[in-house]
Structures are given as C-alpha cells and as structure tokens.
Amino acid sequence: MSAPVILWFRNDLRLTDSAALTAAAATGSPVICAFVLDDAACGAWKAGGASRWWLHHSLTALDAALRKAGNRLICRTGRAVNVIAELADEAGARAVYLSRRYEPWAVAEETALSDLLSARAIDVRRFGGALLVEPEVVRTGQGTPFKVFTPFYRAVLKELAVASPRPAPETIPAPKTLPRSKSIEDLGLRPLTPDWAAGLRETWLPGEAGAVAALDRFIAEAMAGYPEGRDRPAAVGTSRLSPHLHFGEIGPRQILARLHVGEGQAGAEAFVRELVWRDFCAHLLFHWPEIPDRPFRPEYADFPWRSDPVALRAWQRGQTGYPMVDAGMRELWRTGWMHNRVRMITASFLVKHLLVPWQDGEAWFWDTLVDADLASNAANWQWVAGSGADAAPYFRIFNPVTQGEKFDPRGDYVRRWIPEIAALPDKYIHRPWTAPDDALRHAGIDLGTTYPRPIVDHAASRARALLAFETFRRGGEGAR
Ligand code: FAD
C-alpha cells in the first residue's frame, strides 16, 4: 500500500463538497482522518461551552459518516501542529491536506506545519471552501483590503461562480493499521456535571445531515419572505445555518448552488448578501487580526467605558427589565443562539445604555453561542459599538421598547422567553413598568419581584451615551 495522506479536519466537518477531502481521496492513497483538540493554540479564544457541546456532536456525526465510507476519525489532543507532525512520522505519511481557517492563531498553525513538515519532505496542501471568496482575492482599486461592506459585496459578487458541489466520496480507503485514537467522549467536550445542555439538545441537530435539513427547511418555508421575515424573531424567518457554517458542516458554495439567485429572487439575493457579510467579517479578521481584542479604530481604545459587574450580570441573565433584551439573552442561554435583530438590540443595550465595554459582551457571546465565530462575533460587536470598520454611527442607539413593538408587535417572542410576563396585554408587553397596577395584578406580576423594573431609564441612559460619545469624539473626557 502506498504511503498515507493525512486529512487534518478543522472547521470543515463534512464529507460533501470538501476540496481537501476530494483531493485526498483522489490521490488513491489511504487516508488518515485526524482531528486534534488543541485548547492552547488559540490563546484566550479557547472554544466556549456551547461550541464544545456542538463540536462533540459534530465530530460524532462525522465519525459515523467516515465509518460508512470505510474509515474513521482519529482523535488526539495536544498542540495540533506537533500532534499532526508526530502522526505523520508514525504513519509514514507523505502529505497533510487541510482546509484553511482565518483566525490569526490558525493561520500561524498552517505556516508552522508547512515549515515543520517541508523539512521532512512531507507535503502540506491547504484548500479553501469555508468562504465564498478567499480573503486575498478581492481588493480595493488601490490594492488594499476592504474596510467598507458595500464595495466588498460588489467585488465578491463579481467573483462568485456557482458550481455543482463535489459529492461525498463513497469510500475513503483507510490504512491497514489505523493509528491510535482517543474516543470522542474522552475529549471531554460535553457538559456532564452539571449537564446544562438540554435546551441545546432540543433545538439542534449538529452534523452534515442537520445542516442540509436546515437549508431544505429554509428554502421551503422562509426564503421567499426572507427580506422581511429575517427581522421577525418570533417567526422561523432565517436559516439558522450559522453553527453549521461555523463548523463547516456545510459550505457557503454548497448553499449558493441550491439558491438559484436571479431575477425575481429577492429572498435568495438578500440571503446571499448575509453570506457575504460572513465573508466580510472573515476578510476583516484576516487582514486586521487584532479585532477580537482591540478596536478596529484605535482611538476607541481610550473610550471611557464603565465597569459595572452588577449590570453586566443582569444583562447576561436576562434580568434588565427590558423584555426584548431579556428575551434575547434567555434565548441565548437556553438554545445557544439568538436572532440577529435581537443580537443587535442586546448588544446595543450593553454598550450604549450600560456603557459596558463591547469586549465583555463579545466574551459572553463567545461562551454561550453555538455559532461563536471569532470573525463574525468580533466584527459585529465592533459594528454595534461604533469602533469597527464600516460601523453603526455612535448616535444609533436601539430603543429596546420601540424595536420590540416594531419587530415583535404581538409580543410572541417576548412571551415565549419571559413566561412571567406572558399574561400582560400586547400594549404593555414591551414596557411592563408602564402598565397600571390592576393590569399587572391581573397578569400575576409583582414588578421588582417576579420581573425586574428597568435597571436603567432609557431616556437618561441614551442621553448619557450620547454625551459620552460626543465628548469622546471631540477629544475630551467622556461622561461617566
Ligand atoms: P441567516 O439570516 O439565515 O443568515 C445566513 C448566514 O449568513 C448566517 O448563518 C451567517 O453565517 C451569515 N450572517 C448573517 N448575518 C450576519 C452578520 N451580521 N455577520 C456575519 N455573518 C452573518 N454570527 C456568527 O455566525 N457567529 C457569531 O459569533 C456572531 N456574533 C454576532 C454578534 C453580534 C453582536 C451580532 C449583532 C451578530 C453576530 N452574528 C454572529 C451575526 C448574526 O447574528 C448570525 O450570523 C445570525 O443571526 C445567524 O442566524 P441565521 O443562520 O439564521 O442567519
């Protein structure tokens, strides 16, 4: 038998339309399918609890698919570059194939592995496919990376080529002797004591089959109405593909091939635009790798954020007294996901109403989201905070009450996540503190006991934020 090829699985946990896997299988050599859990490579950005839960199930689904194809997943732990190099030595491998990632630490891993293995004449080949367009491909007229979304979007559209997805290989030949492997269970990714993942289990089906099912459902039920439906958190108006995309259980080009973008397909076009936002976030991270930690606009490093652990905790637990904020934070805690409109409302509330640093919100989302993604999380938090590339203007401060009344007019979303106020009439559902005593009594609410009063006054905190931002922009001391 010829020397094996190692396929190093990273965030490409699928068999269909994987350029790396197709190329590895096409060599005719046996393929060692490897995954390495390395919590040290990513510094402060070790995968959070919800992501680890997802990863456990995604790896399990991948291993099952590989077994059907006559192979299996080899799982190890440790510093990934060293582990892959050791595996290559052990197995006498002639090449390592992998799909690219764009986090700074992952880019560094790719270079380190190439350097290490080229000295041993082992070929390292990197493949794209996680994005619609690789981050080096599109450039401004001046040859620089993009900082503004709309021209980036136009440039990406020019590069888009819809191609039939590569089918999953029917068989993936394994070497006669498989290298030793830990079990997926031994990776310790699932929460056991306590097991807090019941809401995640009820909500998601991680793995390739779950990704295809989510796409089928979106196309059948939501795509036509997506331009408006995507702003209605109570409805199934979006695809919920984000965790599947993050873990590479489906690739964006596979999605594109199913959409039939064209005349009269406003839903598909609006959806592709969101996929391009995902590419834009990766483009920003690739070219400005500091954005998860530091403001894209460096002057924002001096913004006078407040330290307010009590308010931060109320926000995290969905106890701010603003139903739209609390519903979002509880949806996140229970299911590991939050609707995009509500992510914007909750994020704006933290950084504008509470003046708490965006990094604190980013860290909470990182731990609790099943789709936690270094690029999308950082870029979107900075967008809301006003410190990002092409960010929301500082004076855009979402009013959680009017946002709720506009996008959840009957209060269905709020009632689902905050049962203790569900019996309030529609006109008070987004502002319970304005309800007369008898309406509160009738709904079984004792404000301040069964549900909090607002932790800040909207008008006063809006004015405080505007003053802080305006003063800061003029170069003075912000108001505290
Ligand atoms: P759909 O509306 O069906 O969109 C399809 C796909 O497009 C999504 O799956 C996603 O991959 C991409 N997409 C949509 N909106 C955005 C966006 N604004 N930015 C980047 N990509 C987008 N998304 C993440 O995947 N991971 C994160 O960690 C993350 N953190 C966020 C933090 C904040 C503060 C905000 C405001 C947004 C964040 N988003 C993040 C973006 C967005 O909220 C989610 O991608 C979206 O809600 C996922 O739901 P969906 O799959 O149903 O989206």
field: Flag if residue 315 is crowded, with 22+ Cβ neighbours inside 10 Å, within 15 Å of the ligand (Cβ to nearest atom) and within 24 Å of residue 445 (Cα to Cα)
entry: yes
field: Tally of residues being among the aromatic types (Phe, Trp, Tyr) and assigned to a loop (DSSP other than H, G, I, E, B) across segment 121-149
entry: 1
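If a residue has to be more than 21 Å from residue 50 (Cβ to Cβ) and open to solvent by less than 20 Å² (accessible area, probe 1.4 Å) to count, how many in segment 194-222 make the cut?
Residues meeting the conditions: 3.
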query: Got a sec? Which helices (runs of 4 or more DSSP H) wholly within segment 211-295 have at least 1 residues that are out of contact with any strand residue (DSSP E or B) (no Cβ under 7 Å at 6 or more places or on another chain) and among the aromatic types (Phe, Trp, Tyr)?
result: 226-229, 266-287
task: Would you point out the residue of segment 332-350, among those that are assigned to a helix (DSSP H, G or I) and within 8 Å of the ligand (Cβ to nearest atom), that is surrounded by the most Cβ atoms within 10 Å (Cβ to Cβ)?
output: 346
- prompt: What residue, of 455, 421, is under 23 Å from residue 407 (Cβ atoms) and in contact with a Ser or Thr (Cβ under 6 Å, 6 or more places away or on another chain)?
  reply: 455
- prompt: Going by the conditions given, is residue 306 surrounded by fewer than 23 Cβ atoms within 10 Å (Cβ to Cβ) and touching a Leu at 6+ places or on another chain (Cβ under 7 Å)?
  reply: yes
Positions within segment 296-332 being without any contact (Cβ under 8 Å) to a residue 40 or more places away in the chain and among the hydrophobic types (A, V, I, L, M, F, W, C), in sequence order: 301, 310, 329, 332
field: Odd one out for residue 433 among (1) among the hydrophobic types (A, V, I, L, M, F, W, C); (2) surrounded by 21 or more Cβ atoms within 10 Å (Cβ to Cβ); (3) touching a strand residue (DSSP E or B) at 6+ places or on another chain (Cβ under 9 Å)
entry: (2)
field: Conditions (1) assigned to a loop (DSSP other than H, G, I, E, B); (2) surrounded by fewer than 22 Cβ atoms within 10 Å (Cβ to Cβ): number failed by residue 22
entry: (1)
- prompt: Got a sec? Which of 290, 274 is within 25 Å of residue 134 (Cβ to Cβ), open to solvent by 20 Å² or more (accessible area, probe 1.4 Å) and within 15 Å of the ligand (Cβ to nearest atom)?
  reply: 274
- prompt: Across segment 150-193, which residue is surrounded by the most Cβ atoms within 10 Å (Cβ to Cβ) among those that are basic (Lys, Arg) and not in a loop (DSSP other than H, G, I, E, B)?
  reply: 182
- request: Looking for whichever is among the small types (Gly, Ala, Ser) and not in a helix (DSSP H, G or I) here; the options are 328, 318. Which one fits?
  value: 318
query: So which residues in segment 230-260 are touching a residue at least 12 places away in the same chain (Cβ under 8 Å), touching a helix residue (DSSP H, G or I) at 6+ places or on another chain (Cβ under 8 Å), open to solvent by 50 Å² or more (accessible area, probe 1.4 Å) and more than 8 Å from the ligand (Cβ to nearest atom), if there are any at all?
result: 232, 236, 258
message: Any residue at all in segment 129-149 that's at positive phi and buried (at least 17 other Cβ atoms within 10 Å of the Cβ)?
response: yes
- request: Any chance you could count how many residues in segment 419-430 are open to solvent by 50 Å² or more (accessible area, probe 1.4 Å) and under 15 Å from residue 326 (Cα atoms)?
  value: 2
message: Among the listed residues 282, 209, identify the single one that is out of contact with any Gly (no Cβ under 6 Å at 6 or more places or on another chain) and within 10 Å of the ligand (Cβ to nearest atom).
response: 282
message: From the list 220, 161, 121, exactly one residue is without any contact (Cβ under 8 Å) to a residue 12 or more places away in the chain and on the phi > 0 side of the Ramachandran plot. Which is it?
response: 121
- request: Being open to solvent by 10 Å² or more (accessible area, probe 1.4 Å), within 8 Å of the ligand (Cβ to nearest atom) and among the acidic types (Asp, Glu) is the filter here, so list the residues in segment 351-396 that pass it.
  value: 371, 373
statement: Log entry, pairs with first residue in segment 5-29 being on the phi > 0 side of the Ramachandran plot, second being charged (D, E, K, R), beta carbons closer than 8 Å, six or more apart or on different chains, reads 17/166; 17/253
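The values are calculated or read from the model by the stated rules, or taken from the named source; none is laboratory data. This structure is a prediction, so every number in the text was calculated from the model and none was measured. As a convention, Cβ positions derive from the backbone with ideal geometry for all residues, glycine included, and neighbour counts pool all protein chains shown. Just the protein is used for accessible areas: all its heavy atoms, side chains included, with ligands, DNA and RNA removed. Shrake-Rupley method; radii C 1.70, N 1.55, O 1.52, S 1.80 Å.
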